[in-house]
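Bear in mind that the values in this text are calculations on the coordinates, not laboratory data. None of the values given here were measured: they were computed from a predicted structure. No Cβ is skipped: glycine too gets one built from the backbone with ideal geometry, and neighbour counts run over all protein chains shown.
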Ligand SMILES: Cc1cc2nc3c(=O)[nH]c(=O)nc-3n(C[C@H](O)[C@H](O)[C@H](O)COP(=O)(O)OP(=O)(O)OC[C@H]3O[C@@H](n4cnc5c(N)ncnc54)[C@H](O)[C@@H]3O)c2cc1C
């Protein structure tokens, strides 16, 4: 019988390094154990929250319910056709170990997503993205169990309604399901995506541009640019890059000519949240135990001993300052509990 443990410190389970407690916590290792757990539901196990690697969450208080931390492992090739290869991975696999496995097996598609913390199960949730690639470019299907009735469902990529740092799992299915496996469609004939200036520059040091070289180059850049959560608590980008209408972007550009604007089609443009924060003079600034990172102002860091509430207050200050400067409300990317 799967054990459900009581009063567990969440400190080892969130990269922000917030010292909160879970009233109940369970660590199922298979779909059967998840069903068994949900089957033996108790009133005090509500509400429920599924926690992966804890690299995109911020606990602002103790969690008075059940945290399910699935540990389903396994990576297998399920189908091969022409140059396409379908790979099914358990939600509890560490994301970067999975990317490494794919690259080592000469399967292209995920190499630009190297070195992103967290587990496979969360990759479709916010449609993780980096260096011009998103999870949705390779996700084929998502297998899940509904928390309310234990029904198993498989969603096609289209049903996942992926968008920029968004999906059905952050909307209609938010906190309603547990993703058990993700099936990716990868390729033995990868289209290499190297158009990011710092990636192009880093690749100059490699004799050949391969998926292995891209992975290594991205790991080097990210290690230089981003704080290591093992040393400084953080959850990556705290805010999303704002997406505005092309007209709004044009007006802003007139008053701020240096502002970076990225066309995203459909009359929309993406702005750089990091630039907006920097221009509002909040790069590398701290208040108490919390601050923005000195190289990347989009990352809010815990200098040590910060509470979740302190982080939220700091984030609200940044939102207010940026809104006063630019009239834009930054949306949070991190899941605040
Ligand atoms: C240093 C650093 C750099 C980062 N860089 C990037 C980046 O480049 N691009 C990017 O997109 N993100 C980035 N992130 C954010 C984070 O790594 C990703 O969002 C990652 O996918 C979160 O995975 P996780 O397992 O830690 O999820 P968690 O933080 O545990 O959970 C995140 C959300 O997903 C849900 N969830 C988790 N697992 C499951 C599951 N099995 N079933 C259902 N719901 C689930 C949770 O309920 C929660 O809502 C970064 C974070 C850090 C700390």
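Observations
- Diffusion coefficient, µm² s⁻¹, Stokes-Einstein with Kirkwood Rh over alpha-carbon pairs of the range 141-246 at 37 °C and 0.692 mPa s: 188 µm²/s
- Across the chain, the relative contact order, built from alpha-carbon pairs under 8 Å that are at least six residues apart, equals 16 percent.
- FRET E, pair residue 73, residue 313, Förster distance 51 Å, beta-carbon r, rounded to 0.05: 0.85
- D (Stokes-Einstein, µm²/s), Kirkwood Cα radius, the chain, 0.890 mPa s at 25 °C: 116 µm²/s
- Whole-number D in µm²/s for the range 75-187 (Stokes-Einstein; Kirkwood sum over Cα pairs; 25 °C, 0.890 mPa s): 176 µm²/s
- Across the range 233-336, C-alpha contacts under 8 Å between residues 6 or more apart give a mean separation that, scaled by the residue count, equals a relative contact order of 32 percent.
- Ordered from longest to shortest, the equivalent ellipsoid semi-axes for the range 4-68 are 21, 13, 9 Å, each the square root of 5 times a Cα gyration tensor eigenvalue.
- A full extension of the chain between residue 268 and residue 206 corresponds to an added length of 18.7 nm, given 0.36 nm per residue minus the alpha carbon distance.
- All distinct Cα pairs of the range 233-336 go into the 1/r average, and the inverse of that average, the Kirkwood radius, is 14.0 Å.
- Extension gain for residue 246 to residue 23 (0.36 nm times residue separation, less C-alpha to C-alpha distance): 75.6 nm.
- C-alpha center-to-center spacing [the range 1-50, the range 65-81] in angstrom: 17 Å
- The residues 42, 253, 283, when put in order of fewest to most other Cβ atoms within 10 Å, stand as 42, 253, 283.
- Working ranking of peptides 99-106, 150-157, 53-60 by packing, defined as the average number of other Cβ atoms within 10 Å per residue, highest first, is 53-60, 99-106, 150-157.
- For peptides 71-77, 125-131, sequence by mean Cβ density within 10 Å, most packed first: 125-131, 71-77
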